[in-house]
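Accompanying notes for the structure given below.
What follows draws every value from the coordinates through simple rules; no lab data is involved. Owing to the predicted nature of the structure, the values given are computational and were not obtained by experimental measurement. All Cβ positions, even for glycine, are placed from backbone atoms using ideal geometry, and neighbour counts span all protein chains on display.
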Amino acid sequence: MRHVLVATLERHDLLDGLRAIAPATTTFLGERGLEAILERLGRSARMDAVVTDAPEVLMEIYHEIPGAIPVYLARADEDTASILAGLDALTAED
């Protein structure tokens, strides 16, 4: 079972769309800022991956959290099904 944090700084529709199709193990943070995102990741050992719409979130995660948790950076025009497919590809186990 994969636990994913969806953290958006810009796209409310990303949260709404993924809430409708994502598994129940998905956590959502909307527009609370970079510090809130990093705090949530720091408090939760169960997060296996992150989906975000903000390049600065991706960079800060890589700088602040050793071990390189997979982060999927959603494009502005990307639909939710494509985002989940990209996340699946990013986190696929060999």
Residue-span extension gain [His63 to Asp16] - 0.36 nm each, minus C-alpha spacing = 14.1 nm
Do the sum for the chain: with -39,500 (n - 2.57) for every DSSP H run of n ≥ 4, divided by all residues, what is the mean residue ellipticity at 222 nm, to the nearest 500 deg cm²/dmol?
-> -13500 deg cm²/dmol
Nearest 0.05, what FRET efficiency do Arg43 and Arg75 give at R0 = 22 Å with Cβ-Cβ as r?
-> 0.20
Per the 1/(1 + (r/R0)^6) rule, R0 = 22 Å and r from the Cβ atoms of Ala92 and Ala36, FRET efficiency to 0.05 is 0.15
Give the label of the value calculated from the structure for Kirkwood radius over Cα pairs in Å, choosing from [x] 15.1; [y] 13.5; [z] 13.1.
-> [z]
